[in-house]
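Notes follow once the structure below has been shown.
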Amino acid sequence: MAEVLAGKNVVQAQTGEIKTRVEALVARGLTPKLAIVRFGQKPDDLAYERGAKRTCERTGIACETLELPEDATEDGALQAIKRLNDDKSVHGILVMQPLPRQIDATRLRLLIDPAKDIDGMSPLNSARVFEGDPKGVPPCTPTAVMEMIHHYGIELKGKKVVVLGRSLVVGKPAAMLLLGEHATVTICHSRTVDLAGEARQADILVAAIGRARMVTRDFVKPGAIVIDVGINVDPDGKLCGDVDYDSAVENASMITPVPGGVGSVTTIVLAKHVVRAAEASSAPATLS
Ligand code: NDP
């Protein structure tokens, strides 16, 4: 019988610590604040924003949303980011992605202040994560994968981990974080030959491909740990992961559900990153 790795246990364990850190900052006259930049009103963005706001309320973090029109000009968007960079009351900036097509993601990533970039968009943060520099802020989702792994005491050293997906926001940074903890990591993608065969080599399988229920028991070595990052809506309108849970669970020793798995940990990571940015903003300046 596989152990179900519920995100709520991770959230519960972390909420108290984050609240304590927020209280310490507030006692020094500094309320950590998150600014969310959203383009238009996409239901996925609104759902994520609601979750982020709930977590902020629960932990004492201030949160405001800057809503820009879906057809905002690139200059308008960049000006908005610049204003938030310059606003001393804001410690963390979350830009909802994917960005509208007319906005050059590279220009935005280069502009966002790395010190306020709590979702690992800035090239400086990417570089630091790839260098294994702890000053780097990784995107929240791969960090949530690591929080799951740590919370449930999963050993990484020497373990074979296969990451399905190589996006800049999930697959690649997840692979670097896992590598940093001495796993032997294979990254797979849409041109991988024999995806299931590669996946079956894994002691720990991380699925982040955006394909509803594609990862079946054939992808899972008996006894492997399965971490599902995917968030998809199936043809019946039901939320599901990249893993076919009912099938994969037959072989897995541990498995994350969707919903209630990695996705539910992402907003607590977001809160943690805002607190970390606020703490750093009030720390004595160091060469970095
Ligand atoms: P992207 O679409 O940016 O990347 C998908 C990756 O999967 C690509 O590297 C792609 O390969 C690979 N891929 C796609 N189809 C296949 C296939 N048939 N076989 C093998 N590889 C394939 O998605 P994201 O990385 O942004 O997101 C991945 C999943 O995670 C999605 O389900 C998304 O909803 C979810 N997600 C969850 C979050 C959370 O908080 N839990 C937050 C962000 C995302 P290639 O590079 O070759 O195209």
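The numbers here are math on the coordinates, done by the rules we state, and not lab data. Since this is a predicted model, take the numbers as computed values, not measurements. Counting neighbours? That spans all protein chains shown, and the Cβs are built from the backbone with ideal geometry, glycine included.
Taken one residue at a time, the phi angles of segment 142-157 give Karplus couplings (6.51, -1.76, 1.60, θ = phi - 60°) of x, 5, 5, 4, 5, 4, 4, 4, 5, 4, 8, x, 7, 6, 9, 4 Hz. Gly and Pro are set to x. Expressed as a whole percent, the proportion of Cα-Cα pairs in the chain lying more than 25 Å apart is 47%.
Evaluate E = 1/(1 + (r/R0)^6) for ILE154 and ASP246, where r is the Cβ-Cβ distance and R0 equals 25 Å; express this FRET efficiency to the nearest 0.05. Once rounded, the FRET efficiency stands at 0.65. Counted without the sites themselves, the longest stretch of the chain free of trypsin sites (Lys or Arg not before Pro) in a DSSP loop having at most 11 other beta carbon atoms within 10 Å is 29-87. Here is the short version for the chain: CYS140, CYS188, CYS240 have no other Cys C-beta closer than 4.7 Å. Looking at segment 19-89, the GluC sites (Glu not before Pro) that sit in a DSSP loop and have at most 16 other Cβ atoms within 10 Å of their own Cβ are GLU70.
Local charge for GLY241 was computed over the other residues whose Cβ lies under 12 Å away, with Lys and Arg +1 and Asp and Glu -1, and equals -2. When only the Cβ of Lys, Arg, Asp and Glu is charged (+1, +1, -1, -1), the dipole of the chain relative to its Cα centre reaches about 500 debye. Summing +1 for each Lys or Arg and -1 for each Asp or Glu, what net charge is found among the other residues whose Cβ lies under 14 Å from the Cβ of GLY40? That sum, taken over residues with Cβ under 14 Å, equals -3.
Stokes-Einstein, applied to the Kirkwood radius of segment 140-264 over Cα pairs at a viscosity of 1.567 mPa s and 4 °C, places its translational diffusion at 93 µm² s⁻¹. For the pair ASP194 and GLN41, a Förster radius of 45 Å applied to the C-beta separation gives a FRET efficiency near 0.60, rounded to the nearest 0.05.
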